[in-house]
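Notes follow the structure.
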Amino acid sequence: MRRVLRVGWTLAVTACQHGPRVQPALNPVAELARARDLLHHGDFAKAQITLRRLSYALGPTQPEMAEVQYDLAECAFQTGDRVQAAHDFRQLADQFPASPYAPLGLLRAGDANLRLWRDPELDASYGEGALAIYQELAGRYPGTDAAARAQVHVQQLREWFAEKAYKNGMFYFRRRAFDSAVIYYKDVVANYQGTTRVPDALMRLVEAGGSFDPVHVGHLVAAEAAREALGATVRFLPAREQPLKRAAHGASPEQRAEMLDLAIVGNPHLKVERIELALPAPSYTVRTLRALAEREPGNRFALLLGADAAAELGAWFEIEALPELAEVVVFARPGAALPRHPAIARVVTVPALDVSATAIRDRVRQARSIRYLVPEAVRHYITAHGLYRQ
């Protein structure tokens, strides 16, 4: 009897040790619903646990996997791990290119990089990464809601890149490293059209010491607006060599003056003043105004500046002497932010024309038309003299 009981006990124990343990089957639909609810209520840590369990249970080709991967990446984004989020969103888009989550994944990968570039003055690598991803999204999934949303961020990035380039230019400008400053200012004008840091259609146009390289319709419109507002003759002052644009002129000083002569034919209120061409280089505004005052004693001058040039007044040579030499008048587009400086005496509103001398030179170099961007006589002069081709 005792032996039978021992055998029975052993068998019972054996059955308990080796009997099949039945695990409840994972219900992907129910688990996804639970994860969505956790995400909706901001419980990203618990949502992450549920989603990871799902990712281990699901096969890579199951339709729910794309959403699981997307939600996992979103958990990383929302908990502050933007580097991991950028990687996971990118991976999702590459693994499931036909899924409706693919364009959303690219959008959020760009967003993660954008958040990592917290300050435009910092290294721009993450910003460049974000821009590249947004551009890829527009190319791979045009017309999607994600692509449309990305364009808002693209404009923000362009503003930041323009701001960074502009500040870099100002850094060198204030240290008199003008050749280096020119590189950054050209970058803003050439690559970030439409941003707030692009000069107001080079509204330094009729600035004393302006380059007019070449003169264009924006210069002429601003000059006519100034003549009308001030009731005075406006003189264009082509610089022999602008401090900000040393070695950057495409035409010689006399060629620039000759193009101005052609541009103002028929308007008796506009003149070309060549005084700077006889002054030592570089051309500083205060030196020009002193030379004019010496030549024309008793005359009171008004110095006409574009809003972008006026914004740099603090870095000008002998700026403290400027108010005694001339009344500073600033051009501004309607609704544009106005620079503040104690030397500024007056603001004149002029029409906004999106044209610049830099863009015109680029078009000539690319063999593209500049008709209607410059006066017709100036266009013929540029062609006849082979200007701006290199």
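Could you list MET259, MET170 in order of exposure, starting from the residue whose Cβ has the fewest other Cβ atoms within 10 Å? It would help to have the intermediate numbers written out before the result.
Numbers: MET259 26, MET170 17.
Going from sparsest to densest Cβ surroundings: MET170, MET259.
Taking each pair of distinct Cα atoms in the stretch 28-163 once, what is the resulting Kirkwood hydrodynamic radius in Å? Before the final figure, lay out each step's value.
Numbers: mean 1/r = 0.0653 Å⁻¹.
Answer for the stretch 28-163: a Kirkwood hydrodynamic radius of 15.3 Å.
Taking the Cα centre of the stretch 28-163 as origin and charging only Cβ (+1 Lys, Arg; -1 Asp, Glu), how large is the dipole, in debye to the nearest 20? It would help to have the intermediate numbers written out before the result.
Values: 13 positive and 19 negative charges, 65 e Å.
Roughly 320 debye for the stretch 28-163.
Hey, if you put +1 on the Cβ of every Lys and Arg and -1 on every Asp and Glu Cβ in the stretch 217-385, which of ALA291, GLY250, LEU279 ends up farthest toward the positive end of that dipole?
About the Cα centre, the residue reaching furthest to the positive side is GLY250.
Suppose a student asked you for the relative contact order of the stretch 217-385, using Cα pairs under 8 Å spaced at least 6 residues apart; what percent would you report?
Values: 200 pairs, mean separation 40.1, N = 169.
In percent, rounded to a whole number, it is 24.
Give me the net charge for the shell around THR196: Cβ to Cβ below 9 angstrom, other residues only, Lys and Arg +1, Asp and Glu -1.
Working: positive: ARG197; negative: GLU159, GLU163.
Charge balance near THR196 sits at -1.
Could you pull out every one of the aspartates and glutamates with an alpha carbon less than 12 Å from that of LYS164, ignoring same-chain neighbours closer than 8 positions?
Partners within reach: ASP119, GLU121, ASP123, ASP187.
Alpha carbon centre of the stretch 88-164 versus the stretch 260-284: separation in Å?
48
With the radius of gyration and the Kirkwood radius both derived from the Cα set of the stretch 217-385, what is their ratio Rg to Rh?
Working: Rg = 16.1 Å, Rh = 17.1 Å.
Reported Rg/Rh (Cα atoms, Kirkwood Rh): 0.94.
In bins 5 Å wide, starting from 0, what share of all Cα pairs of the stretch 329-390 does each bin hold, as a percent?
For the stretch 329-390, the binned pair fractions read 4, 15, 21, 15, 9, 12, 13, 9, 2 percent.
State the answer as a single residue: which of PRO351, ALA315, THR383 lies farthest towards the positive end of the charge dipole of the stretch 217-385, with beta carbon charges of +1 for Lys and Arg and -1 for Asp and Glu, about the Cα centre.
Ranked along the dipole, the leading option is THR383.
Highest mean first, what order results for 85-94, 307-316 on Cβ atoms within 10 Å? Could the numbers behind the result be given before it?
Numbers: 85-94: 22.0, 307-316: 20.3.
Sorting 85-94, 307-316 by mean packing, highest first, produces 85-94, 307-316.
Return the long-range amide H neighbours of LYS271 (sequence gap of 5 or more, or a different chain), with a cut-off of under 5 Å between placed amide H atoms.
VAL234, ARG235, PHE236
About the Cα centre of the stretch 69-131, how large is the charge dipole given +1 on each Lys and Arg Cβ and -1 on each Asp and Glu Cβ? Please answer in debye to the nearest 20.
Numbers: 5 positive and 10 negative charges, 23 e Å.
Result for the stretch 69-131 is approximately 120 debye, rounded to the nearest 20.
Could you please report the charge total around ASN168, scoring K, R as +1 and D, E as -1 over all other residues with beta-carbon less than 10 angstrom from its beta-carbon? Numbers along the way, then the final one.
On the way: positive: LYS164, LYS167; negative: GLU121, GLU163, ASP187.
Once all neighbours under 10 Å are counted, the net charge is -1.
Quick note: the coordinates plus some simple rules give every number you see, no bench work behind them. None of these values were measured; they are calculated from a predicted model. Glycine gets a Cβ as well: all are built from the backbone with ideal geometry, and neighbour counts include every protein chain shown.
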